[in-house]
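Below: the structure, in structure tokens.
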Amino acid sequence: LCCHSQFQARFEKARHALIAEKRKVDVLRSEQQIVDKEYEKVTREIAALVASEDSVNGRHIASQQRLQAVDVEARRQAESIRLLRQQKQELQREVKYVIKGKKEIECAIQSTAEANAKLEASCRMLVDKSDVV
């Protein structure tokens, strides 16, 4: 009975750890979606800037000043995209790590369950033997 409660406690601890890992995966996935949406927004903004740049080619001096501003903005946007891609890669690595941890926890839960079943069988045998005596 003592062994059973210890294993039950370990099983519950592992189960709670698995739930926490699943929550982390959910949070990372939602963060990934936010990064993806921001990346799409930045891409649209760059497309708008390029279209704006094309429309000013007819006015030489004013268009050159505007082109410089657009170029600065495009570089800023490109840097934002680079940073967003980097964040996305980091989140993907974190998701892989969390999934690996989740699998390890699932294996630990399985091992604990198997060990628990063996212990329960051993305990039943001991109880059966003590009943005979």
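The values are calculated or read from the model by the stated rules, or taken from the named source; none is laboratory data. None of these values were measured; they are calculated from a predicted model. Note: areas computed on protein heavy atoms with side chains; ligands, DNA, RNA excluded. Shrake-Rupley method; radii C 1.70, N 1.55, O 1.52, S 1.80 Å.
Considering only protein heavy atoms, what per residue accessible area in square angstrom results for the chain with a 1.4 angstrom probe?
Each residue of the chain exposes 75 Å² on average to a 1.4 Å probe.
The portion of the accessible surface of the chain made up by carbon and sulfur, rounded to a whole percent, is 57 (1.4 Å probe; DNA, RNA and ligands excluded). Note on semi-axes √(5λ) of the Cα gyration tensor in Å: of the candidates [x] 104, 23, 5; [y] 65, 9, 8; [z] 28, 17, 13, the value calculated from this structure sits at [y].
Solvent-accessible surface of protein heavy atoms, probed at 1.4 angstrom with all chains present, puts Asp71, Asp128 in the order Asp128, Asp71, largest first. May I ask for the angle, rounded to the nearest 10°, between helix 2-55 and the longest principal axis of the chain, with both axes built from Cα atoms and the value confined to 0 to 90°? Computed tilt is about 10 degrees. Of the cross-linked pairs Lys37/Lys96; Lys37/Lys100; Lys37/Lys103; Lys37/Lys102; Lys22/Lys129, those separated by over 32 Å at the C-alpha level are Lys22/Lys129.
Applying the Kirkwood pairwise sum to the alpha-carbon positions of region 88-133 produces a hydrodynamic radius of 13.3 angstrom. The mean sequence distance of close C-alpha pairs (under 8 Å, at least 6 residues apart), as a share of the length of the chain, puts its relative contact order at 48 percent. In sequence order, region 74-89 has phi-based couplings of 4, 5, 4, 5, 4, 5, 4, 4, 4, 5, 5, 5, 4, 4, 4, 4 Hz under the Karplus curve 6.51 cos²θ - 1.76 cosθ + 1.60, θ = phi - 60°, and Gly or Pro positions carry x.
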